[in-house]
1. Any idea what the dipole of the range B:106-185 comes to, in debye rounded to 20, about its Cα centre with Lys/Arg Cβ at +1 and Asp/Glu Cβ at -1?
2. In debye, nearest 20, what is the charge dipole magnitude of the protein assembly as shown about its Cα centre with +1 on Lys and Arg Cβ and -1 on Asp and Glu Cβ, if you could check?
3. How many angstrom separate the Cα center of the range B:51-69 from the Cα center of the range A:56-72?
4. For the protein assembly as shown, what is one quarter of the convex hull surface built on the Cα atoms, given in nm²?
5. Could you go through the range B:166-174 in sequence order and give the Karplus-derived ³J(HN,Hα) for each residue, using 6.51 cos²θ - 1.76 cosθ + 1.60 with θ = phi - 60°, rounded to whole Hz, and x for Gly and Pro?
6. Taking only C-alpha pairs under 8 Å that are 6+ residues apart, what is the relative contact order of chain A in percent?
7. Which pairs, out of A:Lys44/B:Lys44; B:Lys17/B:Lys79; A:Lys17/B:Lys44, put more than 30 Å between their alpha-carbon atoms?
8. A:Ala45: net charge of surrounding residues, Cβ under 11 Å, Lys/Arg +1, Asp/Glu -1, itself excluded?
Number of protein chains: 2
Amino acid sequence: MSSPLYLALIHYPVVNKNGQITGSALTNMDLHDIARAGRTFGVKAYYVVTPYKDQKTLAFQIMDHWTHGHGGTVNPARKSAFERVRVADTFEAVCNDIENEQGQAVVKVATSANTQDPTRSCRRLGQELKGNAPHVIVFGTAWGLVPEVINQCDHILEPIQGTGSYNHLSVRSAASIYLDRLING
Amino acid sequence: MSSPLYLALIHYPVVNKNGQITGSALTNMDLHDIARAGRTFGVKAYYVVTPYKDQKTLAFQIMDHWTHGHGGTVNPARKSAFERVRVADTFEAVCNDIENEQGQAVVKVATSANTQDPTRSCRRLGQELKGNAPHVIVFGTAWGLVPEVINQCDHILEPIQGTGSYNHLSVRSAASIYLDRLING
């Protein structure tokens, strides 16, 4: 793989169980698990996206503990994962940041457990990641991404299918499986 | 796949960062994420293994909330995942329980992020899971399984490789990736 690969985890706007637009709270384990999976699979940066000031403060406190605080001293592997975590207000800010860093447009890839209309298989996207274009894979918290975010994306990745119709993986599991499929598949 | 597939997450005995035998505390997110991944990929049961009475009590409280309590009412998908979670004192008790349920020997598969001597690739084990023999995939908490448990197993599964030498996935991520590889690979 040579495409610069980024992840974004959206906390606002997302949908709630009734399909309404909502904002979700930061989850400590989302930061840890997805940072570790990102570090494992060569992700350049993992953006935690929330416009809420108190949630951003919490994110920075957790990140500081694991990069500059005691956590990073006792667990250098965790430090090395957290060094790639970034905080952004909006998905637009994420894309601008990547485009500034890479000097070219970023290909935006939405994920959804429910989509009826995926436009990319993991196999095909994995092949495309052998190119040069920067890509960002976008995950929703709560009940998933809002249509407005999905519609901004260039592709919708195929849902992860198990043995039946149950499609309630945690976002931590889904991000890990997608990264493995895209990089090793 | 037709082999009855089981998971076991060992909290004692495991190794600590200095390679000594230790017991680890139950983590709420381990129950949720691995139960959801197990449910997604058709696992028969997911055993949380701990000999500590207070830890077993905690596990049962969490399980009760999501199967018979309010959690299961508001989130039936989570209930359906938690209905396959079981608690056992020891790895031996897990194997006995599976063998009683299935009426035949269970094939025991250890996982390790560090092993130099894997005896099964995910691809080969995935093929073997199309047979009839019940299998249990065994995961360690803390810094991983002790040699005494690994030595009881029939196979050691290949470590999950990313793009480099970093091998610090969460057990939640590792279990999810292994299940996807074994069932969909």
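1. So the magnitude is around 220 debye.
2. 220 debye
3. 31 Å
4. 17.9 nm²
5. Those phi angles translate into 5, 10, 10, 5, 5, 5, 5, 5, 4 Hz.
6. So the answer I get is 31 percent.
7. Pairs exceeding 30 Å: A:Lys44/B:Lys44; B:Lys17/B:Lys79.
8. Value of the local net charge: +1.
The values are calculated or read from the model by the stated rules, or taken from the named source; none is laboratory data. Computed from a predicted structure; not experimentally measured. Positions of Cβ are backbone-derived with ideal geometry, glycine not excepted, and every protein chain shown enters the neighbour counts. We work out accessible area using only protein heavy atoms, side chains counted, and drop any ligands, DNA or RNA first. Shrake-Rupley method; radii C 1.70, N 1.55, O 1.52, S 1.80 Å.
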